[in-house]
1. Compute the angle between helix 2-21 and the longest alpha-carbon principal axis of the chain, please, reported from 0 to 90 degrees and rounded to the nearest 10.
2. In degrees, nearest 10, range 0 to 90: what is the angle between the Cα axis of helix 251-261 and the longest Cα principal axis of the chain?
3. Give the dimensionless ratio obtained when the Cα radius of gyration of the chain is divided by 2.2 N^0.38 Å.
4. Round to a whole angstrom and tell me the spacing of the C-alpha centers of the stretch 232-279 and the stretch 122-187.
5. What's the ranking of 47-60, 70-83 by average number of surrounding C-beta atoms within 10 Å, highest first?
6. Determine the shape class of the stretch 177-304: with a ≥ b ≥ c the square roots of the Cα gyration tensor eigenvalues, call it rounded for a/c under 1.5, and otherwise prolate if a/b is greater than b/c, oblate otherwise.
7. What shape does the stretch 112-152 take by its C-alpha gyration tensor, where a ≥ b ≥ c are the square roots of the eigenvalues and a/c under 1.5 counts as rounded, a/b above b/c as prolate, and the rest as oblate?
8. Cut-off is 10 Å between beta-carbons; in what order do 109, 256 appear when sorted fewest neighbours first?
């Protein structure tokens with residue numbers, strides 16, 4: 001009996017030793033060893049975890065990026081006039097951490113992120129303090145550089161190859177979209193203004209990728225900033241095109257849209273008379289600024305342009 005007990009104890013000891021010393025592999029090993037990569041970005045260079053696990057994002061394009069790559073952030077900012085996470089991404093269990101213009105640093109710190117993604121254009125003044133919370137990577141601009149931003153953010157996440165593949169797939173799809181001769185107008189209502197969007201806006205770039213022609217007014221040839229221009233209600237005839245895609249940013253803007261589009265100047269537009277005005281999702285056309293949103297714009301173009 002004593003001999004059996006001795007043998008059993010030896011077996012158990014060897015078993016315990018084997019399970020306790022098996023080294024982790026893959027991403028788990030990298031995390032345990034504290035490996036990092038250096039990312040060059042708008043604010044300089046930052047060492048980021050090889051495989052970030054707790055990511056906070058400070059702009060809407062970064063939400064699209066993570067979702068497109070099959071990831072979910074632990075925290076995100078929201079718009080001041082549209083204070084909800086974008087519905088088209090179907091995100092769950094994401095903590096709101098302030099607004100795009102005023103991120104809540106205490107809320108971010110409480111989440112203990114290991115990576116923060118933001119934009120110099122919007123959050124430059126917060127960068128130094130954010131960097132004391134976690135490694136922070138900023139893109140330079142929004143909208144016009146959305147493809148570069150997508151690849152930079154993906155690089156910080158350790159998924160640049162996957163991002164490039166998604167971008168290539170989008171580009172091929174845009175080129176294959178059925179061509180149209182109809183000139184497409186993009187109109188957005190905000191609480192205090194009406195905008196027409198030019199070739200350097202996010203939606204404008206998607207239309208350009210798809211070979212969709214634009215009204216001369218919206219090429220903004222005489223403007224240095226070709227993202228958008230403002231139009232007063234009295235000059236609403238300037239938003240006309242063969243087809244108009246229109247959106248509204250928030251509830252106040254939607255109310256403004258209802259007022260203007262019920263007026264006599266709007267109802268005289270050629271696209272209105274032809275039944276070629278389509279209300280689209282502001283989250284995808286304007287604030288998504290990523291590859292998933294871009295594909296949803298292509299969905300709308302395919303559905304409404306003949």
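1. 30 degrees
2. That works out to roughly 20 degrees.
3. On the way: Rg = 24.7 Å, N = 306, 2.2 N^0.38 = 19.4 Å.
Normalised Cα radius of gyration, the chain: 1.28.
4. If you average the Cα positions of each part, the centres end up 29 Å apart.
5. Numbers: 47-60: 21.2, 70-83: 17.9.
The peptides rank, most packed first, as 47-60, 70-83.
6. Details: a/c = 1.35, a/b = 1.27, b/c = 1.06.
Rounded.
7. Values: a/c = 3.64, a/b = 1.67, b/c = 2.18.
Since a/c reaches 1.5 but b/c is at least a/b, the shape of the stretch 112-152 is classed as oblate.
8. Working: 109 16, 256 20.
Ascending number of Cβ neighbours within 10 Å: 109, 256.
FYI, it's all coordinate maths here, none of it is from the lab. Keep in mind that this is a model prediction, so the values were computed, not measured. When we count neighbours, we look across all protein chains shown, and the Cβ atoms used for this are built from the backbone with ideal geometry, even at glycine.
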